[in-house]
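Asker: Handing you a structure now.
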Amino acid sequence: MEKTEARWVEVFKVSLPLCLSYVPIGLACGILLHAAGFNPLLTLLVSVLVFSGGAQFLIASMLTTNTPMQTIVIMLFFLELRYALLGSSLSQYIKGTSKKFLYFFAVSLNDENYAVNYLKFATDKSWTPKDALAVEHWSLLFWSVANFIGSLVGNLLPMENYLDIVDFALTAMFIYMIVMQIRNKLTILVSFISGVIAIVALVTLKSTMGLIVATLLASFIGFMIEHNIVKKGEAKGNFWLKKIKPKASRKVISKSGEK
Amino acid sequence: MQYSSMDHFILIICSMIAAFIPRFLPLKFFSTRKIPEWFNEWMKYVPVSLFTALVVRDLFVNTKTYTFVGLEYMAKLLAAIIVIVVAYRSRSMGLSVLFGLVAVAILATFLTV
């Protein structure tokens, strides 16, 4: 039945859950950017050009604390470094595309459309790089429009007292992404280790660098633990590597289009 | 100090470049080469580590002074638990964010955010 649908409709359906979930976060981000002094047009521009929830929330919060511009850009670079890792894991699927394509693909790559595309590439043989780019563009459209409207809302309504609350949208988004990443007890352990290292590193380094330290250390520890278990040949039925199955039904999972 | 719209524009352009480089170079580099297996195995744990670090910063660290705040942000902590449950049951990002925002808004009326 689905085969008779136009390809773009099919791709749009895959992107839709992601696009809809961008609406509340995009609105929140637009409100915060407005509070940081961005006018609606600049908010639209940053949403299209940077297109990263984390980065835009970071810009908003650092502008309100009068952080120097070069510090903002450096912090942003570190935050965005994770895309180097996401990008390299996706690169095997978009081999043989043109440099121009890679350029467009990289510009609109972000955490969530990465998750959708990675899953599609891994499970659906007919998924092409062009489809993946279309998912990116749909999510970009919803994200930037939501940001623009959020900025207008911030213009019309006094939101100053609610910014701490709106800011939680990003935290909730990251929590969701952690939950989606949980495959086995080892992932939970890695998450816990990362949390502990993050607190220690942030407090001692007094900068966002703590996040990078925690990420690199915790992921490496996870890798080493798994490597050792596999090397000993105990991978099967191992306490740490046993798969955790979500409670939600299969139908719900495939409908959401994500992991 | 107040930034002008022109400053903001320059900031956006610099941010775009800062965001673009880490997204493009590895894609470019690895699209013509094979990724080593161990590298992939390691990268598997990067997203979960980074997201946890970011969440922990939001929940347990004062980002102005970079001090550990313990359980001070009670409203956020309770809302975070709600988000975990909603995310686990629904597998939907939109629902998770929506429940999180509503929960934190209600909890903030009688707890510190």
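The values are calculated or read from the model by the stated rules, or taken from the named source; none is laboratory data. Being a predicted model, the structure only gives us computed values, none of them experimental. Here the Cβ is made from the backbone with ideal geometry for all residues, glycine too, and neighbour counts use every protein chain on show. Only protein heavy atoms, including side chains, enter the accessible area calculation; ligands, DNA and RNA are left aside. Shrake-Rupley method; radii C 1.70, N 1.55, O 1.52, S 1.80 Å.
Asker: Quickly work out the A:Leu205-to-A:Asp164 label distance, labels modelled 7 Å from Cα along the C-beta direction, and quote it in nm with one decimal.
Answerer: 2.7 nm
Asker: Please work out how much accessible surface A:Trp240 shows to a 1.4 Å probe, ignoring ligands, DNA and RNA, in Å² rounded to 10.
Answerer: Surface accessible to solvent at A:Trp240 totals approximately 90 Å².
Asker: Please compute the modelled spin-label separation between A:Leu141 and A:Ala235, points set 7 Å along Cα→Cβ, answer in nm with one decimal.
Answerer: 4.2 nm
Asker: Enter the accessible area of A:Trp138 (Å², nearest 10), with the probe set to 1.4 Å and all protein chains included.
Answerer: Number for this one is 70 Å².
Asker: Using a 7 Å offset from Cα along Cα-Cβ at B:Arg89, what residues in the stretch A:167-195 end up with backbone N under 16 Å from the label point?
Answerer: Backbone N within reach: A:176.
Asker: Am I reading the A/B interface right? What is its buried accessible area, both sides, 1.4 Å probe, to the nearest 100 Å²?
Answerer: When A and B are taken together, about 8000 Å² of accessible area is lost.
Asker: In whole Å, what is the distance between the alpha-carbon centres of the stretch B:41-113 and the stretch A:12-80?
Answerer: Result: 18 Å between the Cα centres.
Asker: While we're on this one: Given a 1.4 Å probe, how much area per residue of the stretch A:1-119 is accessible, in Å²?
Answerer: Heavy-atom SASA per residue in the stretch A:1-119 reads 38 Å².
Asker: Is the C-alpha gyration tensor of the stretch A:182-248 telling us rounded, prolate or oblate? Criteria: a/c under 1.5 is rounded; beyond that, a/b larger than b/c is prolate, otherwise oblate.
Answerer: oblate
Asker: Next question, about the same structure. Order of A:14-22, B:5-13, A:197-205, A:52-60 by packing, highest average Cβ count within 10 Å first?
Answerer: Ranked from most to least packed, the peptides come out as A:52-60, A:14-22, A:197-205, B:5-13.
Asker: Given the rule -39500 (n - 2.57) for each run of at least 4 DSSP H residues, summed and divided by the residues of the protein assembly as shown, what is its mean residue ellipticity at 222 nm, to the nearest 500 deg cm²/dmol?
Answerer: So the calculated ellipticity at 222 nm is -24500 deg cm²/dmol.
Asker: Quick check on the protein assembly as shown: take the gyration tensor over C-alpha atoms, sort the square-rooted eigenvalues as a ≥ b ≥ c, and tell me if it's rounded (a/c under 1.5), prolate or oblate.
Answerer: Rounded, since a/c falls under 1.5.
Asker: On to the next question. Counting only protein heavy atoms and using a 1.4 Å probe, what share of the accessible area of the stretch A:1-76 belongs to carbon plus sulfur, as a whole percent?
Answerer: Reported share for carbon and sulfur atoms: 72 percent.
Asker: Indicate the gyration tensor shape class of chain B (rounded, prolate or oblate), computed on the Cα atoms with a ≥ b ≥ c the square roots of the eigenvalues: a/c under 1.5 is rounded; otherwise a/b larger than b/c is prolate and the rest oblate.
Answerer: Oblate is the answer for chain B, as a/c is 1.5 or above yet b/c matches or exceeds a/b.
Asker: Counting other Cβ atoms within 10 Å, which trypsin sites (Lys or Arg not before Pro) in the stretch B:38-70 have at most 15 and lie in a DSSP loop?
Answerer: Those that pass, being in a loop and sparsely packed, are B:Lys64.
Asker: Once you have the Cα-Cα distance between A:Asn155 and A:Asn39, take 0.36 nm times their residue separation minus that, and quote the gain in nm to one decimal.
Answerer: The A:Asn155-A:Asn39 span can extend by a further 40.9 nm.
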